[in-house]
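See structure below.
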Amino acid sequence: MAKEESTEQTEASMPDWSAYRGVLIVVEQREGIAKKVSWQLLGEGKKLAAKLEAPLMALVIGENVAHLADEAVQYGADRVYLCEAPELRDYRTRPYSRVCLKLIEDAKPEIVLFGATATGRDLAGAIATHLPTGLTADTTQLDVEPPPSRLLLASRPAFSEKMMATILCKQYRPQMATARAGVFQALPKDTARQGEIIPMTATMREEEIDAQVLDFLRETGKLNLEECEIIVAGGRGLGGPDAFKLLAELADALGGVVGASRAAVDAGWISHEHQVGQTGATVRPKLYFAIGISGAVQHTVGMSHADVVVAINKDEKAPIFQFAHYGLVGDLFKIVPAITEEFRKRRTLFGIHPSSVADASSSTQPTATEAIEARERSEAK
């Protein structure tokens with residue numbers, strides 16, 4: 001009886017959030033091109049909105065970006081808010097956050113989602129501080145409890161990425177989260193789809209904005225794993241940096257790129273731009289090789305959505321095999337060169353030449369044969 005009374009008192013003390021309805025996706029763009037994570041979030045947001053029986057909304061901010069409002073509708077938004085102004089051409093925290101805060105005040109969405117990019121994290125943090133409300137960062141799973149609770153279930157790896165934690169925001173609205181790129185699936189683009197586009201007015205003039213954007217310094221030649229369709233990734237089981245030459249040769253034969261686990265990056269065997277996982281890139285390639293990777297949560301959260309996963313590990317009980325469509329138990333130093341050679345033969349047979357790919361090795365690194373010999377000498381010692 002006492003427990004029932006306590007529950008009733010808790011429910012009675014909860015704020016009334018009945019005015020907040022709908023899911024809002026903040027579309028991120030640069031120079032009129034939307035980030036893929038925005039369309040991916042619209043796809044996931046559609047599922048959440050359906051469970052809540054609420055509208056799916058999108059917010060597009062920038063200059064000359066009306067075409068992105070149309071695209072947001074085509075990717076699933078029922079209603080799109082469009083705010084265009086010269087002072088919004090480049091991202092700056094204050095003017096962008098003011099637009100978001102104004103829309104949240106007027107439209108009252110119960111859930112607001114951002115991409116877990118540098119921009120998305122900055123903007124979401126600023127908004128959560130001003131409201132105030134809770135913010136779950138770098139989520140990899142999203143769900144909602146059905147009415148009447150309507151709670152957002154935002155999950156992410158926790159406790160040194162050894163387990164998943166689901167975070168709730170019971171006392172405040174809107175419920176907010178940032179989500180990693182490559183985790184969710186965008187809906188097919190429907191150019192015939194119709195939706196409502198509502199114009200907004202910018203809330204700050206240029207003279208009220210302290211920061212100015214003078215130029216963007218773009219880094220060229222950097223590997224972007226999130227855009228790659230074939231990834232050959234290696235982990236602690238490679239035993240050292242030399243073995244990444246084997247992976248580079250397989251990636252070259254497949255027309256793919258080299259990835260790595262956090263353990264391999266932390267050991268200094270390969271640079272961080274190759275890292276896949278919670279603290280690296282979240283990827284959704286067509287083909288993913290996990291070679292010498294045990295399968296810790298920190299890594300699998302970043303690659304579990306690959307279309308096809310091939311795992312190679314000498315430990316038949318390695319957790320990575322739970323995520324693999326195909327598994328090979330054995331010595332990677334024998335298996336990988338054999339697979340590489342077979343793919344090269346098939347490419348030659350069909351006259352296919354792989355395009356230039358990112359190589360994890362430098363010109364001074366050993367050949368595949370030399371890498372195997374070095375490993376055998378190490379074991380002999």
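The values are calculated or read from the model by the stated rules, or taken from the named source; none is laboratory data. Note that the coordinates shown come from a computational prediction; the quantities given were computed from them, not determined experimentally. Ideal geometry is used to build each Cβ from the backbone, glycine not excepted, and the neighbour counts take in all protein chains shown.
For segment 259-284: of the residues being at pLDDT below 90 and crowded, with 20+ Cβ neighbours inside 10 Å, which is farthest from T117 (Cα to Cα)? That would be R284. The set of residues in segment 330-350 that are under 18 Å from A243 (Cα atoms) and either exposed (fewer than 14 other Cβ atoms within 10 Å of the Cβ) or not hydroxyl-bearing (S, T, Y) (or both) comprises G330, D331, L332, F333, K334, I335, V336, P337, A338, I339, E341.
Hey, does segment 207-217 have a residue that's more than 28 Å from H67 (Cβ to Cβ) and assigned to a loop (DSSP other than H, G, I, E, B)? Checked against the condition, which is being more than 28 Å from H67 (Cβ to Cβ) and assigned to a loop (DSSP other than H, G, I, E, B), segment 207-217 yields at least one hit. Looking only at residues of segment 216-272 that are out of contact with any Pro (no Cβ under 8 Å at 6 or more places or on another chain) and aromatic (F, W, Y), we find that the one that is farthest from F289 (Cα to Cα) is F216. One residue stands out among those in segment 148-194 that are modelled with pLDDT under 90 and at positive phi: the one that is surrounded by the most Cβ atoms within 10 Å (Cβ to Cβ), which is G182.
Does L82 meet the test of being in the same structural domain as V37 (by TED's automatic domain parsing), in a helix (DSSP H, G or I) and either over 21 Å from the mean Cα position of the chain (by Cα) or not β-branched (V, I, T) (or both)?
Working: in the same structural domain as V37 (by TED's automatic domain parsing): yes; in a helix (DSSP H, G or I): no; either over 21 Å from the mean Cα position of the chain (by Cα) or not β-branched (V, I, T) (or both): yes.
Here the answer is no, as L82 does not meet what is asked.
Can you tell me which residues in segment 267-280 are closer than 16 Å to A243 by Cβ and not in a loop (DSSP other than H, G, I, E, B)? If the condition is that a residue be closer than 16 Å to A243 by Cβ and not in a loop (DSSP other than H, G, I, E, B), then H274 is the only one that fits.
Hey, can you tell me all the residues within segment 134-156 that are in contact with a strand residue (DSSP E or B) (Cβ under 6 Å, 6 or more places away or on another chain) and not aliphatic (A, V, I, L, M)? Result: T136, D138, T139, T140, Q141, D143, S155, R156. Here E227 does not qualify as modelled with pLDDT under 90, of a type in the set (D, E) and loosely packed, with under 13 Cβ neighbours inside 10 Å. For segment 117-162, how many residues are of a type outside the set (D, E, K, R), in a helix (DSSP H, G or I) and within 17 Å of the chain's Cα centre (by Cα)? Counting residues in segment 117-162 that are of a type outside the set (D, E, K, R), in a helix (DSSP H, G or I) and within 17 Å of the chain's Cα centre (by Cα) gives 5. For segment 276-292, the count of residues that are in contact (Cβ under 8 Å) with a residue 40 or more places away in the chain and more than 27 Å from E44 (Cα to Cα) is at least one. Just one of the listed residues (A118, A50, A54, A77) is among the small types (G, A, S), surrounded by fewer than 17 Cβ atoms within 10 Å (Cβ to Cβ) and farther than 30 Å from D215 by Cα, namely A50. Restricting attention to segment 97-114, the residues being among the charged types (D, E, K, R), touching a residue at least 24 places away in the same chain (Cβ under 8 Å) and under 15 Å from G22 (Cα atoms) number 2.
Would you tally the residues in segment 117-140 being within 18 Å of G277 (Cα to Cα) and at pLDDT below 90? Give the derivation first.
Filtering segment 117-140 down to residues within 18 Å of G277 (Cα to Cα) leaves 117-118, 121, 136-140.
After this cut, where a residue has to be at pLDDT below 90 as well, the list is 117-118, 138-140.
Summing the residues that are within 18 Å of G277 (Cα to Cα) and at pLDDT below 90 in segment 117-140 gives 5.
The number of residues in segment 25-40 that are touching a helix residue (DSSP H, G or I) at 6+ places or on another chain (Cβ under 7 Å) and closer than 17 Å to S97 by Cα comes to 5.
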